[in-house]
Amino acid sequence: MFEISPGIVVAGLLVGFVVGLTGMGGGALMTPTLVFFFNINPLTAISSDVVTSLFMKPAGAIVHIVRRTAHLPLVFWLCVGSVPAAFAGAMLVDQMRAIDGFEEVLLTVLGVALLITAGGLIMRAWSTMVRRHSMLGEGPAVPARPDVEVRRLPTVLLGALGGLLVGMTSVGAGSLIITLLLLLYPTLKPSQLVGTDLVQAIPLVASASLGHLIFGEVSFSLTAALLIGAIPGAFLGAQVSSRAPGGLIRRALAILLMASGLKLIGAPTSVVLGATVVAILLGPIVWAILRKRYRGSRAPRPEPELDEESRL
């Protein structure tokens, strides 16, 4: 009989909601939460989190498939690279676990991944604001079929990079891939980015989960507790993200990831707190200046039949 921790259930619910809302934040939030607040062994936290994501992601992905906010050809080519790379990442972690001090190295790698993710979120917000000539950065989501030309080789390489990172740290399926997808395909709408990422993450995480079940340290009681909260959380978050922007959530997430990343790489608590306070205080000021720069500079209104989003 598994022992279910209410605290872990609540953590799963909150993280699941963020994943469904933004398409990112699962491993980036869950693994540090398990390590810091519940004193879970890093490798166990990573393995259990990956398996949890396998069941959590479909709850959000189904919503986006139904609302047609997922680009299925992009999903296919991302998976060509990500599925084998995710399994290889789990194998690599297993081969390295015998090295003295490996857990410290793993935490450092995880911290660097979180910092890169935080930077990617900021880049994404900036790029979206400039691209859309909007002071808010993005508009409401409308179901539509994105008209983009799939760049196969860059997409496969992007999938491989994200898959390897997921297999090793449980971070990257949404946090890294969704940011780079925006750079590769700037015409995709925010809801389509989230939907595409959530759908492609299912086979990616399935491959990583198989690797961690074979080579990792999965705790089934921990996974069960996470799933009780994460599945409804992801479903509710996806219901919101498929209809409305999540820009504010992503910016708050960037600050949280930055603080977690600094802590994981060994930064003193004073440095972490100082950086967080500076980001909270100066971030809105800088963003307000940027928004003012683009205030009133709207993109030309397209024909309604070509872009319903411009009317909302």
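Highest mean first, how do 221-228, 159-166, 82-89, 62-69 rank when packing is the count of other Cβ atoms within 10 Å averaged over residues?
Highest-to-lowest ranking by the protection proxy: 159-166, 82-89, 221-228, 62-69.
At 7 Å along the Cα-to-beta-carbon direction for both ILE4 and ALA275, put a label point, then send me their distance in nm to one decimal.
Output for this residue pair reads 3.7 nm.
Would you kindly state how much longer the chain becomes between ALA98 and ARG293 on full extension, computed as 0.36 nm times their sequence separation minus their alpha carbon distance, in nm to one decimal?
Contour length minus the Cα-Cα distance gives 64.9 nm.
Using a Förster distance of 30 Å, how high is the FRET efficiency between ALA252 and THR108, based on the Cβ-Cβ distance and rounded to 0.05?
Efficiency for this residue pair is about 0.75.
No value in this document is a laboratory result; all are computed from the given coordinates. Remember, predicted model here, so these are calculated numbers, not experimental data. No Cβ is skipped: glycine too gets one built from the backbone with ideal geometry, and neighbour counts run over all protein chains shown.
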